[in-house]
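Worksheet: one structure, shown below.
The values are calculated or read from the model by the stated rules, or taken from the named source; none is laboratory data. This is a predicted model, so every value here is computed, not measured. Cβ placement follows ideal geometry from the backbone for every residue including glycine, while neighbour counts extend to all protein chains displayed.
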Amino acid sequence: MALDKETFKKELRQRLRENYAMELEDAAKQEIFYTLGALVKARYADAWGDTWKEYVDKKKKQVYYFSIEFLPGRMLKNNLLNLGMLDTAREALAELGIDLDNLAEVEKDMALGNGGLGRLASCFMDSIASCGLPGNGNGIRYDYGLFKQRFVDGYQVELPDEWLQGGNIWEIRRESKAVEVRVGGHVYLADNGRGKLKPIYENEQILRAVPYDTGMVGYENNVVNTLRLWSVEIPASEEDKYQSIQGRRELEDLTAVLYPDDSNEQGRLIRLTQEYFFVSAGIQSIIRHYKKRIQQPISKLSEYVSIHINDTHPALCVPEMMRILIDEEELSWEQAWDVTVKVMSYTNHTILAEALEKWSIDLMKRTLPRMYQIIEEIDARYVHTMQELHPYDLVENTRIIRDGQVHMAHLSIIGSHSTNGVAKLHSDLLKTVVLHDFYIIYPDRFNNKTNGIAQRRWSQIVNEPMSHVLDEAIGKTWRKDPGDLKLLMNYQSDQTVLEKLAQAKKMNKQALADYILETTEIDVSADAIFDVQIKRLHAYKRQLLNLLHIIKLYQDLKENPDLDMQKRVFIFGAKAAPSYHYAKVIIKCINEAAQLINNDPDVNDQIKIVFLPNYNVSLAEKIIPAADVSEQISLASKEASGTSNMKLMLNGAITLATLDGANVEIRDAVGDDNIYIFGLTEKEVYAYYENQEYSAQRMYDENPVIRRVLNAFIDGTIPNIVYEGREIFDSLIKYNDEYFLLRDFDSYVKAQEEIDKAYGDQTFWQQMSLINIANAGRFSSDETVRRYAEDIWKVEPKDSFVTEDVQKVQ
Ligand code: OAK
């Protein structure tokens with residue numbers, strides 16, 4: 001039922017009185033925020049219960065998305081929008097003298113993830129609910145989110161993110177749904193008296209897993225799914241064992257921190273235990289629900305349950321499901337395996353070899369003895385079956401236990417019925433290179449699901465000025481169906497629409513310029529090109545290539561201060577994993593270059609560098625609507641997909657890209673004339689790997705521009721980077737430039753020059769921008785999850801999906 005402004009105001013006041021015993025006029029921002037949050041939560045409470053009940057009553061097949069990361073960011077405005085209350089709330093609050101955007105800033109960014117993988121999981125949660133699909137998330141409720149980043153003397157410093165301080169308005173602790181998880185100790189098998197073996201545990205540690213549920217509110221469809229995050233506690237029965245503070249701490253630390261490592265596994269015991277903890281708790285609760293509510297034979301589980309393994313961190317889903325089916329449900333190995341493979345599906349999110357997760361046998365045995373026994377058996381049976389069918393080497397290369405290690409990707413592929421990559425190119429590379437051996441064995445298991453983004457958040461919520469222009473031009477159907485953004489193509493030559501889009505962009509740029517001034521004291525002009533690179537700091541993503549170009553521009557300007565060029569602001573947002581030394585060195589160099597360039601009077605404000613600290617979802621929401629240029633410059637073949645590329649495109653930024661990840665599909669969507677492509681192709685990169693002909697030294701010797709730029713890192717041109725500059729220089733020259741920056745440098749510079757020229761013709765630029773917005777619809781995660789639902793999970797949307805509210809919007 002729609003809520004009018006007057007009722008909204010009355011309810012807000014009433015709740016404030018009940019919860020805080022105070023009047024609105026006396027309340028602090030925090031108190032108003034928490035009251036509003038409670039009001040919003042109450043608005044979807046019934047729908048949440050009803051959704052759950054409907055799934056149970058109709059015995060709907062449900063998917064459970066297991067992910068060690070979720071990155072929802074702030075949820076207030078998203079929930080308001082999806083409940084159809086955003087405008088009412090905004091206006092009603094304004095009448096009370098409260099600015100909604102300002103109030104929304106009180107909410108702590110929920111940052112239980114590092115980057116792409118975690119944010120994708122949250123976009124999926126939004127889309128699964130919005131498409132009316134029966135699907136839930138399963139993960140860990142870390143006490144501390146991803147570290148807060150500050151810069152001190154240009155260096156990254158990490159501070160704890162105490163996001164739960166002040167409470168989390170959206171979650172519900174479900175004491176009654178707690179389960180126990182066993183780790184450590186020894187396990188041996190004994191007769192169970194019924195002719196089967198049962199595991200006997202000795203000296204194991206028992207952990208209590210308590211779930212905290214958060215409603216995932218669908219867009220105007222009365223669907224509310226559940227994100228279930230687990231927290232560790234000491235079971236009452238074990239209290240005696242944990243009398244020392246240190247002992248308690250050790251246990252409670254299990255769900256304290258998110259490993260701030262994007263793609264370099266640290267091989268920590270805690271991490272492996274974390275993985276098992278949320279997997280075991282999640283699967284136990286699924287099975288309990290199945291037995292209690294669905295009441296079907298366990299052998300039919302795959303008709304009612306689908307479990308998705310989001311990268312390999314939840315790969316223990318496979319042996320844990322086997323454990324429950326065999327040890328507890330007493331299925332035969334063959335029956336259990338059949339069920340497990342049908343239930344599980346897996347997504348690979350990286351081709352970087354160092355990011356493919358492996359655990360030493362020794363660690364796995366010590367930490368999770370029963371898991372190891374089961375994995376050993378899976379491995380042995382795999383080898384036994386496959387050696388009949390395939391050559392020795394192929395089987396050896398693909399088995400799970402190899403070289404003293406447990407290969408989690410192998411476990412995920414062997415133990416599931418579907419393995420997908422996250423963009424066409426990435427999925428092809430999985431088949432032809434990275435997982436080629438598996439592709440020979442299981443050709444039918446491989447498929448592609450190009451990533452997508454929650455378009456409502458990344459347009460309607462973050463970019464209201466642009467959204468209003470779209471409404472005026474093409475009506476409002478795009479808000480529900482992003483495919484309708486295509487209608488904008490009819491306005492390519494409409495000066496009024498182009499002009500209005502330009503004005504909206506300018507407003508967003510001014511807002512970002514204000515934020516930049518406030519947070520960094522750097523004064524930037526909204527007339528300059530806002531050139532944006534926002535993503536984790538990683539060598540393969542090549543933030544350094546961006547910097548090399550900036551240094552070139554700087555040197556050109558020093559030589560010729562009257563150089564004819566557009567003003568540019570280079571905006572960076574990136575966190576480096578705390579243990580990733582080289583990435584931190586790059587951060588330092590960008591910051592020192594910023595100091596130099598921003599304060600050099602010769603530059604005359606023609607170029608500026610802004611490295612905004614603490615890049616997270618909320619900061620992305622400020623930067624993305626204001627971007628003119630989207631830097632997607634990873635070395636071709638390395639970026640599985642990328643998703644900031646999609647968000648920036650949707651907001652009218654022009655992509656400057658290599659043919660990597662989903663950039664290829666963006667190029668296909670907008671056409672060659674509306675994107676700037678440069679650099680080696682993935683085939684050329686592989687050719688270099690094969691013929692080993694690349695010589696960075698030669699590029700340095702033969703290319704004076706490159707020489708001059710690189711020398712700036714070691715000759716004092718950029719101050720305060722004596723060691724860091726040398727490290728950068730050596731990584732490129734002495735260690736032969738692993739990511740081919742120098743090889744791509746000239747074509748990158750050329751593309752940048754074309755961008756400079758194009759921006760000078762504002763009508764041309766606005767047309768490109770419009771075409772990008774118009775073609776962004778295909779990257780909606782609604783579409784992506786529908787493909788997963790149909791092809792992999794086999795789950796169907798809720799029957800009553802089209803409600804009155806939705807019809808009204810259409
Ligand atoms: C993180 C840890 C291990 C493996 C992969 C990741 C990860 O975040 N990968 C990223 O996933 C995104 C979502 O699919 C992709 O868009 C990025 O290209 C990929 O690097």
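Name the residue that is nearest to the chain's Cα centre (by Cα), counting only residues in region 280-316 that are within 16 Å of the ligand (Cβ to nearest atom) and under 16 Å from Arg228 (Cα atoms). Break it down into steps so the answer makes sense when it comes.
Within region 280-316, the subset within 16 Å of the ligand (Cβ to nearest atom) is 308-316.
Right, trim to under 16 Å from Arg228 (Cα atoms) and you get 308-310, 314.
Values: His308: 16, Ile309: 15, Asn310: 11, Pro314: 16 Å.
Result: Asn310.
With Asp99, Asp87, Asp161 as the choices, which residue is more than 16 Å from the ligand (Cβ to nearest atom), crowded, with 18+ Cβ neighbours inside 10 Å and at negative phi? Reasoning before the result, please.
Details: Asp99 fails: crowded, with 18+ Cβ neighbours inside 10 Å; Asp87 fails: crowded, with 18+ Cβ neighbours inside 10 Å.
The conditions single out Asp161.
Of all the residues in region 656-673, those that are outside any helix (DSSP H, G or I), within 15 Å of the ligand (Cβ to nearest atom) and either surrounded by fewer than 24 Cβ atoms within 10 Å (Cβ to Cβ) or not assigned by TED's automatic domain parsing to the domain that holds Lys506 (or both) number 1. When we screen Arg43, Arg17 for residues that are part of a helix (DSSP H, G or I) and touching a Leu at 6+ places or on another chain (Cβ under 6 Å), the only hit is Arg43.
Checking each residue of region 457-466 against the condition of being under 21 Å from Ile666 (Cα atoms), assigned by TED's automatic domain parsing to the domain that holds Ser637, outside any helix (DSSP H, G or I) and more than 25 Å from the chain's Cα centre (by Cα) gives no match.
Just need a number here: residues in region 748-785 that are part of a loop (DSSP other than H, G, I, E, B) and either surrounded by 21 or more Cβ atoms within 10 Å (Cβ to Cβ) or at positive phi (or both). Full working, then the answer.
The first filter runs over region 748-785 and keeps only residues part of a loop (DSSP other than H, G, I, E, B), leaving 761, 775-776.
Checking the rest, the ones that are also either surrounded by 21 or more Cβ atoms within 10 Å (Cβ to Cβ) or at positive phi (or both) come to 775-776.
Count: 2.
When each of Leu411, Leu425 is tested for being in a helix (DSSP H, G or I) and within 30 Å of Glu684 (Cα to Cα), the lone residue that passes is Leu425.
Please verify whether region 132-146 includes one or more residues that are basic (Lys, Arg) and either within 18 Å of the chain's Cα centre (by Cα) or within 16 Å of the ligand (Cβ to nearest atom) (or both). Yes.
Summed over region 566-605, residues that are over 16 Å from Phe151 (Cβ atoms), charged (D, E, K, R) and outside any helix (DSSP H, G or I) total 4.
The single condition from (1) surrounded by 21 or more Cβ atoms within 10 Å (Cβ to Cβ); (2) outside any loop (DSSP other than H, G, I, E, B) that Glu107 fails is (2). Of the candidates His417, His384, His390, the single residue that is outside any loop (DSSP other than H, G, I, E, B), more than 16 Å from the ligand (Cβ to nearest atom) and surrounded by fewer than 24 Cβ atoms within 10 Å (Cβ to Cβ) is His384.
Identify all residues within region 606-636 that are assigned to a loop (DSSP other than H, G, I, E, B) and either under 19 Å from the mean Cα position of the chain (by Cα) or more than 14 Å from the ligand (Cβ to nearest atom) (or both); write none if there are none. Lay out the reasoning, then the answer.
Just the residues of region 606-636 that are assigned to a loop (DSSP other than H, G, I, E, B), to begin with: 606, 612-616, 627-628, 633-636.
Of everything in region 606-636, those that are assigned to a loop (DSSP other than H, G, I, E, B) and either under 19 Å from the mean Cα position of the chain (by Cα) or more than 14 Å from the ligand (Cβ to nearest atom) (or both) turn out to be Gln606, Leu612, Pro613, Asn614, Tyr615, Asn616, Ala627, Asp628, Ile633, Ser634.
The set of residues from region 251-269 being at pLDDT 85 or above, within 14 Å of the ligand (Cβ to nearest atom) and not aromatic (Phe, Trp, Tyr) comprises just one member, Leu258.
Among strands (runs of 3 or more DSSP E) entirely within region 286-381, having at least 3 residues that are crowded, with 21+ Cβ neighbours inside 10 Å singles out 305-310, 344-347.
Residues are listed down the side, and each one gets a yes or a no for (1) of a type in the set (Phe, Trp, Tyr); (2) assigned to a loop (DSSP other than H, G, I, E, B):
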residue	(1), (2)
Glu684	no, no
Glu693	no, yes
Met699	no, no
Leu710	no, no
Phe713	yes, yes
Pro719	no, yes
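If you check every pair at least six apart or on different chains, which have Cβ atoms under 9 Å apart with a residue in region 345-357 that is without any contact (Cβ under 8 Å) to a residue 60 or more places away in the chain first and a residue that is near the ligand (Cβ under 7 Å from one of its atoms) and not in a strand (DSSP E or B) second? What qualifies is Leu356/Thr350.
Only one of these is more than 16 Å from the ligand (Cβ to nearest atom), β-branched (Val, Ile, Thr) and out of contact with any Gly (no Cβ under 8 Å at 6 or more places or on another chain): Val434, Val462. Name it.
On the way: Val434 fails: more than 16 Å from the ligand (Cβ to nearest atom).
That would be Val462, the only listed residue that is more than 16 Å from the ligand (Cβ to nearest atom), β-branched (Val, Ile, Thr) and out of contact with any Gly (no Cβ under 8 Å at 6 or more places or on another chain).
Any idea which of Thr347, Thr340, Thr385 is at pLDDT 95 or above, more than 32 Å from the chain's Cα centre (by Cα) and polar (S, T, N, Q)?
Numbers: Thr347 fails: more than 32 Å from the chain's Cα centre (by Cα); Thr340 fails: more than 32 Å from the chain's Cα centre (by Cα).
Exactly one residue qualifies, and that residue is Thr385.
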